[in-house]
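One structure below.
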Amino acid sequence: MNHKMIMILGVTASGKGWLAFELARQIDAEIVSVDSMKVYRRMDVGTAKPSLEARRQVRYHMIDVVEPSESFSAGLFLEKASAAIEEVRGRGKSVVAVGGTALYSKALLYGLFEGPGSDERTRRELLARVESEGPAALHRELSEIDPAAADRISHNDAKRIVRALEVYRLTGRPISSLQRQFDGPGAVENWTIIGLRRERPVESARINARVKKMVQTGLVDEVRSLLAEEAPLSPQARCAIGYAEMIEHVQGRLSLDEAVEQIKKNTRRLAKGQRTWFRRFPDVTWIDVGAEESVESVLERVMQRIG
RNA sequence: GGGCAGGUAGCUCAGUUGGUAGAGCAACGGACUGAAAAUUCGUGUGUCGGCGGUUCAACUCCGCCCCUGCCCA
């Protein structure tokens, strides 16, 4: 008994993957990856997946669950991840959830609203209208049926406008009346949330080093072979950082150096967005990691917090 | 040593007839509920190389010095 639910947060390249692995071994837990890109098979180097060796030692979930040609979603994530967590708990083991996809983490903590998933036909239709009429026109339409949502969504944010209209069309209810989960207590209290944090320049330096290493360990070849596959990469998979830029390079629109610089820049931006999300997460115990601090030392500090 | 061209934001550079400065990129802050590594909103962060001079007022004009690049010795 006494199995734990631990969530580890941190920006990309913060070392949370290692920590999760060491922690899982220490407390005999299984790991649930909370990452929108590690779900794709054969996208290994660029998503910094745990090694096969690590995966032999600790059981991982939510990694390699779909083909690169498939689309994935927060809803699908929540469904599969919840099932995985149930399974782990059924074995009487602890759960360590690690990842950098904040929306997915939030979905685990609070759930998502009970509503329709994306509907391809409706969405295609609405997107066509965005093309011809511009997002502002649809935003005006949204403000008629759901002023609260329109107020919150920028008139240029085509994706959210489309989603809101889609939900209304499918359910006849304004999306703002359905999205209430994040306001309540959710399942937060079941989790111990640990955040890893370093000084900004250190985080940036780690990102640069990681990108360099990805290129050295075969990112270009990985992208080439993905492009050579029969089924084309899904829109989501192909905009993954590291892949989008390398596709430009492989197709001759960017030099290798330019692509690498772009990847570094976009990864830094990703980290920035992650910080913004995580800052507002509830009940996070932040661990300020020293520049040269060892995994063991961090692990020890985390163990103290977990008790 | 002499000549020429430059020294303005983290970087690349604009800056009209003197009225204490902008643009791109980078950076920073925010939003975010089934595409989220996506999408989107916002913000100049500056001893204008240094020291003097002219002027009500100097990034703009003058002098000296320092630094960088090119050319001539």
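Each reported figure results from applying straightforward, stated rules to the coordinates on display, with no laboratory input. No experiment lies behind these values; they were computed from the predicted model shown. With ideal geometry, Cβ positions are generated from the backbone for all residues, glycine too; neighbour counts draw on all protein chains shown.
By the combined test of axial Cα extent (at least 15 Å) and Kyte-Doolittle hydropathy (mean at least 0.0), the qualifying DSSP H helices of chain A come to A:16-27, A:74-90, A:158-171, A:295-306.
For A:Thr285, the residues whose modelled amide H falls within less than 5 Å of its own, excluding neighbours fewer than 5 places apart on the same chain, are A:Ile193, A:Ile194, A:Gly195. Mark the label point 7 Å from the Cα of A:Trp286 along Cα→Cβ and return the residues of the range A:176-213 whose backbone N is within less than 17 Å of it. Within reach of a label on A:Trp286, which here means backbone N under 17 Å from a point 7 Å along Cα→Cβ, the range A:176-213 contributes A:193-204. Look at where the Cα atoms of the range A:79-138 and of the range A:13-44 average out, and the two centres are 19 Å apart. Near A:His61, the amide H atoms lying under 5 Å from its own belong to A:Ile31, A:Val32, A:Ser33; only residues 5 or more places off or on other chains count, and H is placed 1.01 Å from N.
The GluC sites (Glu not before Pro) of the range A:186-239 that meet both conditions, a loop assignment by DSSP and at most 13 other Cβ atoms within 10 Å of the site Cβ, are A:Glu199, A:Glu229, A:Glu230.
First check a/c for the range A:74-179, with a ≥ b ≥ c the square roots of the eigenvalues of its C-alpha gyration tensor; if it is under 1.5, answer rounded, and if not, answer prolate when a/b is larger than b/c or oblate otherwise.
Here the range A:74-179 falls in the prolate category.
Grab the Cα-Cα distance for A:Ala137 and A:Arg275, subtract it from 0.36 nm times how many residues apart they are, and report the gain in nm with one decimal.
Extra length available between A:Ala137 and A:Arg275 comes to 46.4 nm.
By other beta-carbon atoms within 10 Å, ranking A:Lys80, A:Lys106 with the fewest at the front produces A:Lys80, A:Lys106.
Kirkwood hydrodynamic radius of the range A:179-307, from the reciprocal of the average inverse Cα-Cα distance over all distinct pairs: 17.6 Å.
What is the local net charge at A:Pro282, summed over the other residues whose Cβ is closer than 15 Å to its Cβ (Lys, Arg +1; Asp, Glu -1)? Net local charge, A:Pro282 excluded: 0.
Here A:Tyr168, A:Tyr104, A:Tyr40 are placed in order of increasing Cβ neighbour count within 10 Å, fewest first, which gives A:Tyr168, A:Tyr104, A:Tyr40.
With contributions of -39500 (n - 2.57) from each DSSP H run of at least four residues, the per-residue ellipticity at 222 nm computed over chain A stands at -16500 deg cm²/dmol.
The distance between label points at A:Asp157 and A:Ala74 comes to 1.0 nm (points 7 Å beyond Cα on the Cα→Cβ vector). Around the amide H of A:Met5, modelled in the peptide plane, lie the amide H atoms of A:Val95, A:Thr192, all under 5 Å away and 5 or more residues distant in sequence or on another chain. How would chain A be classified by its alpha-carbon gyration tensor: rounded, prolate or oblate, with rounded meaning a/c under 1.5 and the a/b versus b/c comparison settling the rest? The shape class here is oblate. Each residue of the range A:34-119 gets 104 Å³ once the volume of the Cα convex hull is shared out per residue. Multiplying the residue separation of A:Glu86 and A:Arg173 by 0.36 nm and subtracting their alpha-carbon distance yields 28.2 nm.
Does the range A:141-240 come out rounded, prolate or oblate by the C-alpha gyration tensor, with a ≥ b ≥ c the root eigenvalues, rounded set by a/c under 1.5 and, if not, prolate when a/b is larger than b/c and oblate if not? Oblate shape, in that a/c is at least 1.5 and b/c is the bigger or equal ratio. Other residues within the sphere of radius under 12 Å centred on the Cβ of A:Arg210, judged by their own Cβ, net out at +4 (K and R +1, D and E -1).
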